[in-house]
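> Sending over a structure as structure tokens; questions will come in a sec.
The values are calculated or read from the model by the stated rules, or taken from the named source; none is laboratory data. Computed from a predicted model, the values in this text were never measured in an experiment. Backbone-built Cβ (ideal geometry, glycine too); neighbour counts: all protein chains shown.
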Amino acid sequence: DNLYGVNHWGGDYFSINSCGDVVINNPHDGDVHPISIMKIIEGMQDRELQMPVLLRFENILDQSISKLNETFQQVINKVGYQNKYQGVYPIKVNQQAQIVEEIAQFGARYNHGFEVGSKAEMIAALSTIEATDSLIICNGYKDQEFIELGLEAIKLGYKCFFVIETLTELPIIVERSQALNIRPHLGVRAKMTSQISGHWGATSGERSVFGLNSNQLIKAVDYLKQHAMLDCLELLHCHLGSQIPNIRDIRGGVVEACRYYADLCNEGAALAYIDLGGGLAVDYTGRQSASGQSRNYSLTEYCEDIVDTIKATLDQQGLPHPVIVTESGRATVAYTSVLLFNVLDVVDFEPESLPQASDNEHQLLKNMREIFTYMKPQRVQECYNDAQYYRDEVRELFKRGQIDLRMRSVAETLYFSILHEIKNTLATMERMPQELAGLADSLADIYYGNFSLFQSLPDSWAIDQLFPIVPIHRLNEEPTRRAMLADITCDCDGKIEKFVVDQKVEKTLPLHSVEQDQEYYLGVFLVGAYQETLGDLHNLFGDTNVVSVRLNADSSFEFVKEVHGDTIEDVLSYVEYQPHEIKTRFRNKVEAAVREGKISARERQHMIKTFNASMQGYTYYEKEEAETQQN
Ligand code: PLP
């Protein structure tokens, strides 16, 4: 496990069983009932669901909502906090209907509501929310229509808050509420000056694009006072940032939020809710560190720091304790989804066996062969310099036509053999020359995976997000290869060259050797947050198949949902092609070929059938059996 760190980032949800499979743990009545992901893959095969597949675990979503709510409740009881916790899920983190519906269902017993940032998200929340006591928090820029939707929600009995992000929306809210004769629930978003470290720190600090500064907060208070609506100002919103790795930043941010809270109360606002936004981090690397894509705290510590700080700060001011709201997104949904894909091909850079030297071999090749005779730790850099020099000379002579292709190929083979010999020598050395530090990585294999980075792991490409990547079987075998991963788009950016291995960030991943026709499955974990809808149609690879499973108490599981991924016809229509027209145009071309005698009538039938079947097919690499079955 150390190599892949499953027990470090797996959050009790994932581990490895004695057969070497990654398992999902299903705690029930004090017992854990592990289920091998390989077993779930077998079930997918029975259903003819091709890789890649996004696998979702319903139970994880249920557990993460329970853990968040119950941990806050335990801490509240422990410290004698005189109010409650009420969370909301920010829909933007994963808007898929199934996820939002499950959150509404599992969250109902805690009155866990939704945070929305647009009219579309508002409609998704309103149509899905189950408990009327749950909150709907409206952030983002709000036009008249958005505001009317929120006011209607209030009329239906929902506690829907408009969080004022800019002063321009205030008159619209006041005007619409008065026109519809509804008292709105209002919040203000304060611009935080506490600077947060980590990847998403830019959402905090003075230059943050969100929220009102102190001058604007006072203007908002005065405006509401003039319109006799200061009693509607019930909530203070302070989002410190997403994925905050350092707990000390969270504590500092909460202190600042409490200062705003206390002074707004003193200004006459009827505050009763403090909303601290998102920020509860996911330990993607499993390193429990205060930097990078990790976190240096537990969920209990997070809850304790928030509850303690609010209590201590407001007690000093003699203010009643507010309802604590957080908008945890990634910590709620990240664990629930795993991207599974199969390896299609492996390219290794092992040297071929060395060709025999001919009597009249070119001097440059002779020089290259000689390098092996002085290969030793003390001269390893010299060997590298020489190999580099002779190889470049050969390339030059090839360009000038003085060396033929066959000779150049011998030189390349010699060059690779020398590099491998250097790599082996370096492995015996305690310290190596700096220039050669990356040599092993540059000789690593390339494993081609059946997935699109742009569609399924956009943050890996766009912002260097690390996700734990693990073979989901064969983990009782020593992985003997080192590899980088390439996807099946034909884009040179479609690769992963950053992995967490044995608690360190490395350029290559240890993997098992794969024989031709042998199935080898990898899982990319913690992809439930942001990845699904941020992905795009690069090379027209569409949505993957999605499978949702529910784990039962007796170590069995059931498939609760299967959503087939996009067909080729689907993705073409997303970019404005008309599938019917495409088929007609192809048919016309084939008819013309028959008329011109290029193909027979029988071939015509076959071509049209294959073309139409392709239009209905999966956009990813399909296994032959399935192709045959489809045809
Ligand atoms: N709330 C707001 C206003 C946000 O902007 C975000 C994300 O940036 C979140 C909540 C979710 O944050 P996280 O995913 O860190 O919980």
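> Residues being part of a helix (DSSP H, G or I) and within 14 Å of the ligand (Cβ to nearest atom): count how many of those fall in the range 304-325.
Going through the range 304-325, the residues part of a helix (DSSP H, G or I) turn out to be 304-317.
Now restrict to residues that are within 14 Å of the ligand (Cβ to nearest atom): 306.
Total satisfying the criteria: 1.
> Then there is this: Quick one: in the range 326-376, of everything that is within 16 Å of the ligand (Cβ to nearest atom) and assigned to a helix (DSSP H, G or I), which residue is nearest to Asp12 (Cα to Cα)? Show your work before the answer.
Of the range 326-376, the ones within 16 Å of the ligand (Cβ to nearest atom) are 326-337.
In the following step, the residues that additionally are assigned to a helix (DSSP H, G or I) were identified as 330-336.
Values: Arg330: 17, Ala331: 14, Thr332: 14, Val333: 15, Ala334: 14, Tyr335: 10, Thr336: 12 Å.
In this case the residue turns out to be Tyr335.
> So, Lys191, is that one basic (Lys, Arg), modelled with pLDDT under 95 and out of contact with any Gly (no Cβ under 7 Å at 6 or more places or on another chain) or not? First the steps, then the outcome.
Working: basic (Lys, Arg): yes; modelled with pLDDT under 95: yes; out of contact with any Gly (no Cβ under 7 Å at 6 or more places or on another chain): no.
Spelling it out, it is not the case that Lys191 is basic (Lys, Arg), modelled with pLDDT under 95 and out of contact with any Gly (no Cβ under 7 Å at 6 or more places or on another chain).
To keep it simple, each residue is scored yes or no on (1) touching a residue at least 40 places away in the same chain (Cβ under 8 Å); (2) farther than 30 Å from Met44 by Cα.
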{"site": "Ser555", "(1), (2)": "yes, no"}
{"site": "Glu558", "(1), (2)": "no, no"}
{"site": "Glu562", "(1), (2)": "yes, no"}
{"site": "Thr567", "(1), (2)": "yes, no"}
{"site": "Pro579", "(1), (2)": "no, no"}
{"site": "Asn588", "(1), (2)": "no, yes"}
{"site": "Val594", "(1), (2)": "no, yes"}
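> Taking the condition assigned to a helix (DSSP H, G or I) and within 14 Å of the ligand (Cβ to nearest atom), does Tyr261 pass? I'd like the intermediate steps shown before the answer.
Values: assigned to a helix (DSSP H, G or I): yes; within 14 Å of the ligand (Cβ to nearest atom): no.
Spelling it out, it is not the case that Tyr261 is assigned to a helix (DSSP H, G or I) and within 14 Å of the ligand (Cβ to nearest atom).
> So Ile196 passes all but one of these: (1) at pLDDT 90 or above; (2) crowded, with 22+ Cβ neighbours inside 10 Å. Which condition number does it fail?
(1)
> Further question on the same structure: From the list Tyr297, Tyr273, Tyr335, Tyr261, which one is farther than 30 Å from Ile99 by Cα and of a type in the set (Phe, Trp, Tyr)?
Of the residues listed, the single one that is farther than 30 Å from Ile99 by Cα and of a type in the set (Phe, Trp, Tyr) is Tyr261.
> Please indicate, with yes or no, whether at least one residue in the range 275-291 is part of a helix (DSSP H, G or I) and in contact with a Gly (Cβ under 8 Å, 6 or more places away or on another chain).
Step one: list which residues in the range 275-291 are part of a helix (DSSP H, G or I), which gives none.
No; the residues of the range 275-291 include none that is part of a helix (DSSP H, G or I) and in contact with a Gly (Cβ under 8 Å, 6 or more places away or on another chain).
> On to the next question. Need a quick list: strands (runs of 3 or more DSSP E) entirely within the range 15-123 having at least 1 residues that are more than 22 Å from Ala153 (Cα to Cα).
On the way: elements: 22-24, 53-57, 88-90, 113-116.
Per the criteria, 22-24, 53-57.
> Sticking with this structure for a sec: Out of the residues in the range 241-252 meeting the condition of being surrounded by 23 or more Cβ atoms within 10 Å (Cβ to Cβ) and more than 9 Å from the ligand (Cβ to nearest atom), tell me which one is nearest to Val333 (Cα to Cα).
Pro245
> Still on this structure: For Asp445, state whether it is touching a Lys or Arg at 6+ places or on another chain (Cβ under 6 Å), at negative phi and either modelled with pLDDT of 95 or more or small (Gly, Ala, Ser) (or both). Full working, then the answer.
Details: touching a Lys or Arg at 6+ places or on another chain (Cβ under 6 Å): yes; at negative phi: yes; either modelled with pLDDT of 95 or more or small (Gly, Ala, Ser) (or both): yes.
Taking the combined requirement at face value, the residue satisfies it.
> Kindly check whether there is at least one residue in the range 219-226 that is within 16 Å of the ligand (Cβ to nearest atom) and either among the β-branched types (Val, Ile, Thr) or in contact with a Ser or Thr (Cβ under 9 Å, 6 or more places away or on another chain) (or both).
So the first thing to find is which residues in the range 219-226 are within 16 Å of the ligand (Cβ to nearest atom), and the list is none.
No.
> OK, next. Would you mention how many residues in the range 285-303 are within 14 Å of the ligand (Cβ to nearest atom) and either among the charged types (D, E, K, R) or under 21 Å from Val221 (Cα atoms) (or both)?
Of the residues in that region, 1 qualify.
> Here is a further query. Are any residues in the range 261-285 surrounded by fewer than 19 Cβ atoms within 10 Å (Cβ to Cβ) and within 19 Å of Gln316 (Cβ to Cβ), and if so, which ones? Walk me through how you get there before you give the answer.
Kept after step one, since they are surrounded by fewer than 19 Cβ atoms within 10 Å (Cβ to Cβ), are these residues of the range 261-285: 262-263, 266-268, 270, 272.
Result: Ala262, Asp263, Asn266, Glu267, Ala272.
> Output the number of residues of the range 264-284 satisfying the condition of being more than 18 Å from Gly253 (Cα to Cα) and more than 16 Å from the ligand (Cβ to nearest atom).
8
> Something else about it: Could you list, in sequence order, all residues of the range 513-542 that are outside any loop (DSSP other than H, G, I, E, B) and within 17 Å of Ile488 (Cα to Cα)? Spell out the reasoning first.
Looking only at the range 513-542, we keep the residues that are outside any loop (DSSP other than H, G, I, E, B), and these are 521-524, 531-534, 538-540.
Selection gives Tyr521, Leu522, Gly523, Val524, His538, Asn539, Leu540.
> So, of the residues in the range 407-438 that are more than 15 Å from Lys366 (Cα to Cα) and among the basic types (Lys, Arg), which turns out to be surrounded by the fewest Cβ atoms within 10 Å (Cβ to Cβ)?
This residue is Arg431.
> Out of everything in the range 166-184 that is of a type in the set (A, V, I, L, M, F, W, C) and either in a loop (DSSP other than H, G, I, E, B) or not assigned by TED's automatic domain parsing to the domain that holds Met229 (or both), what residue ends up being surrounded by the fewest Cβ atoms within 10 Å (Cβ to Cβ)? Show your work before the answer.
Filtering the range 166-184 down to residues of a type in the set (A, V, I, L, M, F, W, C) leaves 167, 170, 172-174, 179-180, 182.
Checking the rest, the ones that are also either in a loop (DSSP other than H, G, I, E, B) or not assigned by TED's automatic domain parsing to the domain that holds Met229 (or both) come to 167, 182.
Details: Leu167: 13, Ile182: 16.
Across the range 166-184, the extreme among qualifying residues is Leu167.
> Are there helices (runs of 4 or more DSSP H) fully within the range 381-460 with at least 1 residues that are of a type outside the set (Lys, Arg) and closer than 30 Å to Tyr620 by Cβ? List them. Show your work before the answer.
On the way: elements: 405-427, 439-442, 453-456.
Here the list reads 439-442, 453-456.
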